[in-house]
Amino acid sequence: MTDSGAVRQRHGVAIIGAGVIGSALAMALGERGVRVALIDLDLSGRLSSSERNAGGVRATWWQPVNIALSRESIRYYESIRAEIGFRQNGYLILYDDARWAEALRMLPMQRDLDHPIEALTPRAVAKRVPEIDHLDGIAGATFSAGDGLINANLLKAHYRAKARAAGAEFIDRAFVHAIEAGASEARLFCWRADAPLADAQAARMLTQDDAGEPALGRMLEISADAVAITAGAWAPNVLKLIGLDSPTEAVRRQLCVVASRTVTLERYGMIFDSSGVYFHNDGPYILAGYSPPEEPAAYSFRFDGEAFFTGEIWPRMYARASCFERLRLITGWAGLYEMTPDRTGILGQVLPRVFEAHSFSAHGVMQSYAAGQALADLIVTGALRNPEVRALDRGRFAAGKLVYEELHW
Ligand SMILES: Cc1cc2nc3c(=O)[nH]c(=O)nc-3n(C[C@H](O)[C@H](O)[C@H](O)COP(=O)(O)OP(=O)(O)OC[C@H]3O[C@@H](n4cnc5c(N)ncnc54)[C@H](O)[C@@H]3O)c2cc1C
């Protein structure tokens, strides 16, 4: 497949998708002296999950591989704390009877993996966060002081600046619509728009419903030693281009920015309630989210506004803390979770010259540093430095070796 009018480029590794995972990989490859091209239909990332998340960072997981990825990333985030707005005010997770016994059972394993975490009684929760005054149904809580909140945009900008300094090339408004992975090289066939696309058009293209209009752009052919697919919720569509399936599903998740005249959560990090609502301080406001379990898989960015706020968010927050009686919805948005059947990310090699890292679901920001480093190691040396990361290989689905992450919302 060759287009005689196409512009041609040659790179060491071509990365498809410049969200937080692709950008972390670009930095990691740059550190290893590899010349990369980072390709995205929209480098500003308006539809990307990296733009639409809650900024939570935690090593509090129930699967060792998720703890390891977050711990390694947190250590890095601590080293650039001010630059990326990393605030380690902790994660408070409240459990009902059904889950508390399991949460307690996990503590020794979490501590063994170098993740300090406390168990709190309901009374200790009320003392630590006096705003929480309805503790009925709460059997206990965990508090992990090293977890916290991050500015995902600043983190992505940090990765990109490092990658750029190492010579990475950023190719904007380019949509990858075909891939040939040969024995000696991989080739990507892209359509590059002359002007930025409207969100609706970008959304249509990303689901591979539209290969681009040649009159409004030009064809671009990129050859590389290797290709990395870091296309987030759209990774299954990119994998289809090389005849591979992915079990990942895109699921809409909504966040609300709410105002309270009386409450500030400034002193706290993330608070997860047993009802599934989570919230944290966000500048002068509070950012709150909830993941309805019945939400169907779809590439939907519709924000349900007041209906979502009054139907799902507010009742749960008010049931836990009477100070939330008067909250006002300021704004909100929807973004995509990239959900695997076991709620854990996918990272590994898929063909001799093709690699993947995606589907980190609700943990892509917090695990991006370690994921980028792991995949860069695999591409450059053929091996994973941290053997635990092998658990993320796609082969686990066919082999029935799921890494089911229960502590996921
Ligand atoms: C509401 C919500 C809350 C969240 N909260 C948290 C949280 O608190 N903490 C946390 O760690 N994570 C959270 N997440 C998850 C996190 O945001 C994601 O896991 C992470 O951003 C995924 O990054 P990514 O780089 O894999 O994908 P994305 O950021 O989605 O980037 C993928 C990129 O690939 C590009 N692309 C796709 N296909 C093509 C193609 N064919 N050609 C060219 N470009 C292509 C897209 O344009 C896009 O820019 C949340 C997500 C949502 C939606």
Options G332, G348, G276, G289: the member that is assigned by TED's automatic domain parsing to the domain that holds L392 and open to solvent by less than 20 Å² (accessible area, probe 1.4 Å): G348
Helices (runs of 4 or more DSSP H) contained in the stretch 144-245 and holding at least 2 residues without any contact (Cβ under 8 Å) to a residue 12 or more places away in the chain, within 13 Å of the ligand (Cβ to nearest atom) and open to solvent by 30 Å² or more (accessible area, probe 1.4 Å): 199-206
Tally of residues being more than 6 Å from the ligand (Cβ to nearest atom), within 30 Å of L255 (Cα to Cα) and open to solvent by 10 Å² or more (accessible area, probe 1.4 Å) across the stretch 1-43: 1
Residue within the stretch 373-381 that is open to solvent by 30 Å² or more (accessible area, probe 1.4 Å), outside the structural domain of C256 (by TED's automatic domain parsing), of a type in the set (G, A, S) and within 16 Å of the ligand (Cβ to nearest atom) present: no
Count - residues of the stretch 382-393 that are closer than 26 Å to I222 by Cα and within 15 Å of the ligand (Cβ to nearest atom): 0
Close pairs (6 angstrom Cβ cut-off, 6 or more residues apart or separate chains): assigned to a loop (DSSP other than H, G, I, E, B) in the stretch 129-142, among the polar types (S, T, N, Q) and surrounded by fewer than 16 Cβ atoms within 10 Å (Cβ to Cβ) anywhere: D133/S322
From the options R46, R71, residue that is surrounded by fewer than 22 Cβ atoms within 10 Å (Cβ to Cβ), within 13 Å of the ligand (Cβ to nearest atom) and not hydrophobic (A, V, I, L, M, F, W, C): R46
Qualifying positions in the stretch 321-361 - within 12 Å of the ligand (Cβ to nearest atom), in contact (Cβ under 8 Å) with a residue 60 or more places away in the chain, under 17 Å from A235 (Cα atoms) and not in a loop (DSSP other than H, G, I, E, B): G335, L336, Y337, E338, M339, I346, E356, A357, H358
Complete set of residues in the stretch 102-143 that are touching a strand residue (DSSP E or B) at 6+ places or on another chain (Cβ under 8 Å) and open to solvent by 60 Å² or more (accessible area, probe 1.4 Å): L104, P116, E118, T121, R128
I84 vs. criteria touching a Phe, Trp or Tyr at 6+ places or on another chain (Cβ under 9 Å) and not assigned by TED's automatic domain parsing to the domain that holds L206: yes
Residue check for Q254: more than 22 Å from the chain's Cα centre (by Cα), of a type in the set (S, T, N, Q) and not in a loop (DSSP other than H, G, I, E, B): no
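The values are calculated or read from the model by the stated rules, or taken from the named source; none is laboratory data. As the structure is a computational prediction, the values presented were derived from the model and not from experiment. Cβ: placed from backbone, ideal geometry, glycine included. Neighbour counts: every protein chain shown. For accessibility, only protein heavy atoms count, side chains too; no ligands or nucleic acids. Shrake-Rupley method; radii C 1.70, N 1.55, O 1.52, S 1.80 Å.
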